[in-house]
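Here is the structure we will look at, set down as structure tokens.
The values are calculated or read from the model by the stated rules, or taken from the named source; none is laboratory data. Nothing here was measured: the structure is a model prediction, and the numbers come from that model. Here the Cβ positions follow ideal geometry from the backbone for every residue, glycine too, while neighbour counts run over all protein chains shown.
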Amino acid sequence: MVTARRNLIAGWTEANYKAGLDSFRIFRRQIVIVNDPEYVRYVVATRHSNFERKSPQMRRALEALLGDGLFISDGETWKRRRPLVADIVHKRRLPEFGETMEHAALAVAAEWAELPDDAEIELTEEMGRLTAAIISRAVFGKSIARVAAQQVIDGFSAYQKHTDSFNLGYFLGADEGWPAFGGRKRRRAIAMVHEVIDGVVNAHLAGEGDAGSMVDLLIRRNQKSESDPLDVTALRNEAATIFMAGHETTATTLTWAWYLIANATWIADRVHQEIDAVCGARAPRLADFPELKWCRAVIQETLRLYPPVPLLPRQAKDADRIGHIDVEKSALVMIAPWLLHRSPDLWDKPNHFMPDRFLSGARIDPFAYIPFAVGPRICPGMNFGLDEATLCLAILAQRFQVIPRVGYKVEPVCRLTLRPKGGLPATIVKRSRGVAA
Ligand code: HEM
């Protein structure tokens, strides 16, 4: 438990990676680990209604910030909100948001171009800044002031820092867990986030927000809704949820992608050759994607090895039976993309970085590869996240090589998302064949 509190993925043994089912107890709570595609399907699809509920740890940790936002809601609330949110982040809207992604990545490229040779940056921070710029403009509108966007970002990271996502009460027998009490700093963090988002929602409601932002789309869809429209608090909860869900996930994907290609120079070469061949001297665009196959495969393989959401914890509503295991009511049922994606029973050379496994046309089992989850709760922003990560990688890799600090020990740690412990210091080197940034 002490290890899990520090790093939720640190306690696994080799046996946990084998495909199968496992069940054990922490104090009074039954924990069921589901690490087999057949049973993943059973939990998330066949018996979705019994296992749709997030674990009390997750709900309690996030409820003060996100309220009843989609990520932690279930039952009727989730059913009503899901089509609304899924519609506004849907892939057909990507062309509208593609320009925002391009501008933000080119702005970072311009900043990197000004750095002195061999300057060191901290990658998780840089990628977090980039994806925050994209998601804040997409959600709140292009005209959101830089300080306001920064206030949301700072509020979210302070909230994470001051929230304990480990809920002892749940393991001691409280089926709903204990409320996550927070101190002054946590309350301040919540106020910082809510103040900005309430301001944006109210401005949009008064007809002053950017047309085409996700908040604008939410409000317009909501106004058309015939039953039970969302109030200002519910609109804020959904805007905050999309911001949270779409920010750090893509940032960590990019961080790990840089780390992986820096350690596999033959793959970095393929990526550079592809970008040069497809784009020449101009910057990559969303429209190039059918031809940027290596860039996309690098992102997909990164998501296999370092899934930003490495654990999908669910709480059984009622007793059930998964394979040979009798599941108790309120048990913690855990699907771990981290384990599933590295299982030797499911993947050839599971710990090797081999983006070509996504190029060969081989069928990937949708219940064995689940960086975006699967079933009715699958990430609605999947295409947004995939395109955003691919585009940012292509734009920056066209101009720069990113070289992690030599000898720096990288340890993946999981709290809400999977990040390198202590960040990832790296040097930016301008590519001689790339376009002058
Ligand atoms: C590489 C980037 C991303 C990854 C790996 C990712 C992964 C995930 C995963 C695994 C879940 C399900 C969590 C669970 O069931 O416990 C999820 C849910 C969600 N994601 Fe993403 N996500 C990414 C990007 C995005 C983006 C860009 C958006 C919005 C623009 C977004 C919006 C959401 C929302 C709203 C949910 C809650 C869905 C529901 O519960 O019905 N995500 N994401």
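Observations, loosely collected:
- When I261, I299, I267 are checked against the criterion of being buried (at least 24 other Cβ atoms within 10 Å of the Cβ), away from the ligand (no atom under 14 Å from the Cβ), within 28 Å of I9 (Cβ to Cβ) and at pLDDT 95 or above, a single residue qualifies: I261.
- Filtering the stretch 268-294 to residues that are within 25 Å of the chain's Cα centre (by Cα) and within 11 Å of A397 (Cβ to Cβ) leaves A268, V271, P284, L292, W294.
- Counted residues, the stretch 101-158 - those being in a loop (DSSP other than H, G, I, E, B), among the hydrophobic types (A, V, I, L, M, F, W, C) and either free of Cβ contacts under 8 Å to residues at least 24 places away in the same chain or over 22 Å from G422 (Cα atoms) (or both): 3
- Tally, over the stretch 209-220, of residues that are touching a residue at least 24 places away in the same chain (Cβ under 8 Å) and within 25 Å of the chain's Cα centre (by Cα): 7
- Selection from the stretch 45-74 of residues that are in contact with a strand residue (DSSP E or B) (Cβ under 7 Å, 6 or more places away or on another chain), within 11 Å of the ligand (Cβ to nearest atom) and part of a helix (DSSP H, G or I): F51, M58, I72
- For the stretch 202-223, filtering for residues that are away from the ligand (no atom under 11 Å from the Cβ) and within 22 Å of L94 (Cα to Cα) leaves 14.
- Within the stretch 225-258, the residues that satisfy the criterion of being of a type in the set (D, E) and either within 14 Å of the ligand (Cβ to nearest atom) or more than 30 Å from L70 (Cβ to Cβ) (or both) are E238, E248.
- If only residues of the stretch 304-321 that are surrounded by 23 or more Cβ atoms within 10 Å (Cβ to Cβ) and under 20 Å from E38 (Cβ atoms) are counted, the one that is nearest to the ligand (Cβ to nearest atom) is L312.
- Hey, R93 among the basic types (K, R) and surrounded by fewer than 18 Cβ atoms within 10 Å (Cβ to Cβ) or not: yes
- Qualifying residue in the stretch 147-167 (condition: of a type outside the set (K, R), within 30 Å of V429 (Cα to Cα), within 22 Å of the chain's Cα centre (by Cα) and within 16 Å of the ligand (Cβ to nearest atom)): yes
- Residue among F353, F367 that alone is away from the ligand (no atom under 16 Å from the Cβ), farther than 18 Å from R25 by Cβ, out of contact with any Cys (no Cβ under 7 Å at 6 or more places or on another chain) and among the hydrophobic types (A, V, I, L, M, F, W, C): F353
- If you filter the stretch 378-437 down to residues that are out of contact with any helix residue (DSSP H, G or I) (no Cβ under 6 Å at 6 or more places or on another chain) and among the polar types (S, T, N, Q), you find that the one that is nearest to A109 (Cα to Cα) is Q401.
- Within the stretch 130-165, considering residues that are farther than 28 Å from L94 by Cβ and in contact with a Gly (Cβ under 9 Å, 6 or more places away or on another chain), the one surrounded by the fewest Cβ atoms within 10 Å (Cβ to Cβ): D164
- Flag if V333 is more than 11 Å from the ligand (Cβ to nearest atom), among the β-branched types (V, I, T) and not in a loop (DSSP other than H, G, I, E, B): yes
- Within the stretch 273-330, the set of residues being touching a Phe, Trp or Tyr at 6+ places or on another chain (Cβ under 9 Å), part of a loop (DSSP other than H, G, I, E, B) and either at negative phi or β-branched (V, I, T) (or both) comprises Y306, P307, P308, V309, P310, L311, A316, K317.
- Cross-chain or 6+ apart pairs with Cβ under 7 Å, the stretch 15-29 first and closer than 16 Å to H324 by Cα, then among the small types (G, A, S): A19/S343; L21/G323
- Only listed residue being within 22 Å of G246 (Cβ to Cβ) and modelled with pLDDT under 95, chosen from E122, E99: E99
- Selection count, the stretch 32-62, where residues are surrounded by fewer than 20 Cβ atoms within 10 Å (Cβ to Cβ) and modelled with pLDDT under 95: 0
- Some residue of the stretch 30-39 being more than 17 Å from L235 (Cα to Cα) and within 14 Å of the ligand (Cβ to nearest atom): yes
- Among residues of the stretch 381-432, those that are closer than 12 Å to Y259 by Cα, among the basic types (K, R) and within 16 Å of the ligand (Cβ to nearest atom), counted: 1
- Scope the stretch 255-273; condition within 17 Å of L391 (Cα to Cα) and polar (S, T, N, Q); matching residues: T255, Q273
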